[in-house]
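The values are calculated or read from the model by the stated rules, or taken from the named source; none is laboratory data. Predicted, not measured: the structure shown is a model, and the values here were computed from it. Glycine gets a Cβ as well: all are built from the backbone with ideal geometry, and neighbour counts include every protein chain shown.
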């Protein structure tokens with residue numbers, strides 16, 4: 001499903017770029033959840049931004065394909081229309097833009113790009129209220145400007161609401177567990193587990209094992225020095241929790 005081949009990514013102004021991702025290769029088949037763990041500065045967020053198409057994160061070499069199609073030449077909105085979703089570590093606020101209008105506009109933009117009919121107002125309201133209950137957001141939050149005045153945990157719940165609404169083909173979750181309490185962690189796990197299926201893939205980026213207690217990954221990869229240095233089963237996360245990342249930093 002998502003295949004990354006010898007990817008190199010540079011960040012910064014053109015005359016002073018730093019290569020953060022240095023020959024990273026990874027494949028996440030359809031129907032699987034893979035986790036990436038690693039120390040600070042290893043390139044985890046850089047990888048997610050480069051795959052999603054964020055400005056300032058230039059792929060200088062290598063390839064990224066989604067279901068066999070090269071996506072590096074696509075704009076971020078085009079990648080989203082192909083079914084790629086990124087859950088941010090620090091979700092942004094958009095003052096003046098009402099939450100339900102934002103989500104419905106985004107949904108319909110993706111539907112239009114795929115040649116699908118727009119979702120009706122009645123169907124959208126029914127669906128968004130159903131999914132809001134799943135993630136623990138009340139109607140009052142849906143009527144406010146997007147993420148404005150939300151706590152860190154509420155912003156993450158809003159990210160999970162969008163994930164549940166959009167039902168992307170492939171979701172990248174960039175440290176979604178950052179700052180979450182136990183109840184919110186369980187909620188994230190419930191949303192991801194409800195969406196798991198043979199035609200969808202997930203890449204979960206995290207520092208700690210705690211999220212992976214609720215989202216059981218098929219594979220765990222260690223990212224250090226801009227490349228994957230070790231891969232294994234779900235038990236690898238528990239090993240990292242005990243031993244730390246020092247050995248992999250030295251190896252990288």
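Does residue 132 count as in contact (Cβ under 8 Å) with a residue 12 or more places away in the chain, loosely packed, with under 15 Cβ neighbours inside 10 Å and assigned to a helix (DSSP H, G or I)? Break it down into steps so the answer makes sense when it comes.
Details: in contact (Cβ under 8 Å) with a residue 12 or more places away in the chain: yes; loosely packed, with under 15 Cβ neighbours inside 10 Å: no; assigned to a helix (DSSP H, G or I): yes.
Taking the combined requirement at face value, the residue does not satisfy it.
Residue by residue, here is whether (1) within 12 Å of residue 37 (Cβ to Cβ); (2) part of a loop (DSSP other than H, G, I, E, B) holds:
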| site | (1), (2) |
| --- | --- |
| 194 | no, no |
| 197 | no, yes |
| 202 | no, no |
| 211 | yes, no |
| 217 | yes, yes |
| 223 | yes, no |
| 236 | yes, no |
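Working carefully through the options 7, 2, 26, find the one that is under 21 Å from residue 248 (Cα atoms), crowded, with 16+ Cβ neighbours inside 10 Å and in contact with a helix residue (DSSP H, G or I) (Cβ under 8 Å, 6 or more places away or on another chain). Quick ask: steps written out before the conclusion?
On the way: 2 fails: under 21 Å from residue 248 (Cα atoms); 26 fails: in contact with a helix residue (DSSP H, G or I) (Cβ under 8 Å, 6 or more places away or on another chain).
Checking each option against the conditions leaves just 7.
Residues in the stretch 120-127: is at least one touching a helix residue (DSSP H, G or I) at 6+ places or on another chain (Cβ under 7 Å), at negative phi and not in a strand (DSSP E or B)?
yes
Filter the stretch 211-252 for residues that are without any contact (Cβ under 8 Å) to a residue 60 or more places away in the chain and within 18 Å of residue 174 (Cβ to Cβ) and give the result.
Correct list: 211, 214.
Name every residue in the stretch 45-56 that is closer than 20 Å to residue 82 by Cα and not in a loop (DSSP other than H, G, I, E, B), in order of residue number.
Answer for the stretch 45-56, where residues must be closer than 20 Å to residue 82 by Cα and not in a loop (DSSP other than H, G, I, E, B): 47, 48, 49, 50, 51, 52.
Would you check which residues across the stretch 60-75 are surrounded by fewer than 19 Cβ atoms within 10 Å (Cβ to Cβ), part of a strand (DSSP E or B) and either within 12 Å of the chain's Cα centre (by Cα) or in contact (Cβ under 8 Å) with a residue 24 or more places away in the chain (or both) and list them?
Within the stretch 60-75, 60, 61, 62, 63, 65 qualify.
Taking the conditions exactly as written (closer than 24 Å to residue 2 by Cβ and in contact with a strand residue (DSSP E or B) (Cβ under 6 Å, 6 or more places away or on another chain)), does residue 199 satisfy them or not?
Taking the combined requirement at face value, the residue does not satisfy it.
Quick check on the stretch 110-119. Is at least one of its residues touching a strand residue (DSSP E or B) at 6+ places or on another chain (Cβ under 9 Å), exposed (fewer than 15 other Cβ atoms within 10 Å of the Cβ) and either closer than 29 Å to residue 149 by Cα or in contact (Cβ under 8 Å) with a residue 12 or more places away in the chain (or both)?
No, the stretch 110-119 contains no residue that is touching a strand residue (DSSP E or B) at 6+ places or on another chain (Cβ under 9 Å), exposed (fewer than 15 other Cβ atoms within 10 Å of the Cβ) and either closer than 29 Å to residue 149 by Cα or in contact (Cβ under 8 Å) with a residue 12 or more places away in the chain (or both).
Report whether or not residue 165 is touching a residue at least 24 places away in the same chain (Cβ under 8 Å) and in a strand (DSSP E or B). Before the answer, list the steps.
Numbers: touching a residue at least 24 places away in the same chain (Cβ under 8 Å): yes; in a strand (DSSP E or B): no.
In short, no.
Condition check ((1) farther than 23 Å from residue 249 by Cα; (2) surrounded by 15 or more Cβ atoms within 10 Å (Cβ to Cβ)) across all residues:
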| position | (1), (2) |
| --- | --- |
| 19 | no, yes |
| 30 | yes, no |
| 39 | no, yes |
| 55 | yes, no |
| 84 | yes, yes |
| 92 | yes, no |
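Assess whether residue 148 counts as being at pLDDT 90 or above and in a loop (DSSP other than H, G, I, E, B).
Yes: the conditions hold for residue 148.
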